[in-house]
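Everything on this sheet refers to the single structure shown next.
The values are calculated or read from the model by the stated rules, or taken from the named source; none is laboratory data. Note that this is a predicted model, so its numbers are computed, not measured. Please note: Cβ atoms are built from the backbone with ideal geometry, for glycine as well, and neighbour counts cover all protein chains shown. What goes into the accessible areas is simple: the full protein's heavy atoms, side chains included, and nothing from ligands, DNA or RNA. Shrake-Rupley method; radii C 1.70, N 1.55, O 1.52, S 1.80 Å.
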Amino acid sequence: MSGSFRDLLPIIAVIGFFQLVVLQQPIPNLFDLLFGTLLVVLGLTFFVHGLELGLFPIGEAMARAFASKGSLFWLLAFAFALGFGTTVAEPALIAVANEAAEVAAGAGMVAREEAAMARYAIGLRLTVAVSVGLAIVIGVFRILKGWPIQYFIIAGYLLVVAMTMVAPRSIIGIAYDSGGVTTSTITVPLVTALGVGLAGSIKGRNPMVDGFGLIAFASLTPMIFVMAFGIVVH
């Protein structure tokens, strides 16, 4: 708990400084603010302990189990399912997709009907989820082969720049944000554990060098797929 409070201390200091020194105003609802801060500290504490006790171990254990099983198909199928499942349930992605549907309806890109906006939002969510699933598959295959990650990242961002030139302007910002919201509280722990566990269980692979980088793929591919989604839809 002390560690979570220490992590939050810079945020508390910034808010207090600007409120009391720059704005020179008393802190409104001080009791509610202190109580809310306590809840945040407790939430972060439980969240970190949950990662250490549950998500990280199960991700690493399953990666090692699939590696020892020796079946490339099931390993890649697990990687895709993990990327797809964690992303489609990501709260941040749901929020962005719903907001994008509202804005698209306001701009006349889709009908201002609940069913039409729901289809747009779910289409965006599924597009991002499929892209992350494929990204994890590519990342796992890279770990198996021992290929350097920088060439994939450079090629991916060159493709992002090229697609930005031809994609509808209304979808570019959503595509870029989609690349960020996929790497949040649900996706990151499991995907990181998968990469580290897989690299640690394969002879000749260094978990520090080869185990990380899957999150970069998970951030990159949604931008490409969402811009393609925008080209098709708009």
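Say whether the condition of being polar (S, T, N, Q), closer than 21 Å to PHE212 by Cα and out of contact with any His (no Cβ under 7 Å at 6 or more places or on another chain) is met by at least one residue in region 91-98.
Quick first cut of region 91-98, residues polar (S, T, N, Q) only: 98.
Keeping just the survivors that are closer than 21 Å to PHE212 by Cα gives none.
There is no residue in region 91-98 that is polar (S, T, N, Q), closer than 21 Å to PHE212 by Cα and out of contact with any His (no Cβ under 7 Å at 6 or more places or on another chain).
Only one of the numbered conditions (1) of a type outside the set (S, T, N, Q); (2) closer than 19 Å to VAL103 by Cα; (3) open to solvent by less than 10 Å² (accessible area, probe 1.4 Å) is violated by ALA218, and that is (2).
I'm trying to understand the selection: among the residues of region 122-133, which are within 17 Å of the chain's Cα centre (by Cα) and open to solvent by less than 30 Å² (accessible area, probe 1.4 Å)? Once the filter is applied, which keeps residues that are within 17 Å of the chain's Cα centre (by Cα) and open to solvent by less than 30 Å² (accessible area, probe 1.4 Å), region 122-133 yields LEU124, THR127, VAL128, ALA129, SER131, VAL132, GLY133. When residues in region 135-149 are screened for being loosely packed, with under 14 Cβ neighbours inside 10 Å and either hydrophobic (A, V, I, L, M, F, W, C) or within 30 Å of GLU52 (Cβ to Cβ) (or both), 2 of them pass. Scanning region 209-234 for residues that are part of a helix (DSSP H, G or I), within 21 Å of PHE141 (Cβ to Cβ) and in contact (Cβ under 8 Å) with a residue 40 or more places away in the chain turns up ASP210, LEU214, ALA216, PHE217, ALA218, SER219, LEU220, THR221, PRO222, MET223, ILE224, PHE225. Taken together, the criteria exclude MET109 from residues that are open to solvent by 50 Å² or more (accessible area, probe 1.4 Å), over 26 Å from GLY85 (Cα atoms) and free of Cβ contacts under 8 Å to residues at least 40 places away in the same chain.
For region 172-215, filtered to residues that are charged (D, E, K, R) and open to solvent by 30 Å² or more (accessible area, probe 1.4 Å), the residue that is nearest to GLY156 (Cα to Cα) is ASP177. Against the criterion of being in a loop (DSSP other than H, G, I, E, B) and among the charged types (D, E, K, R), ARG142 does not qualify.
Need at least 2 residues that are within 21 Å of THR187 (Cβ to Cβ), open to solvent by less than 60 Å² (accessible area, probe 1.4 Å) and among the aliphatic types (A, V, I, L, M) per element, so show me which helices (runs of 4 or more DSSP H) inside region 9-95 make the cut, counting only ones lying wholly within it.
Numbers: elements: 30-50, 56-69, 72-88.
Per the criteria, 56-69, 72-88.
Candidates are the residues of region 150-171 that are β-branched (Val, Ile, Thr) and modelled with pLDDT of 90 or more; the one that is least open to solvent (accessible area, probe 1.4 Å) is VAL160.
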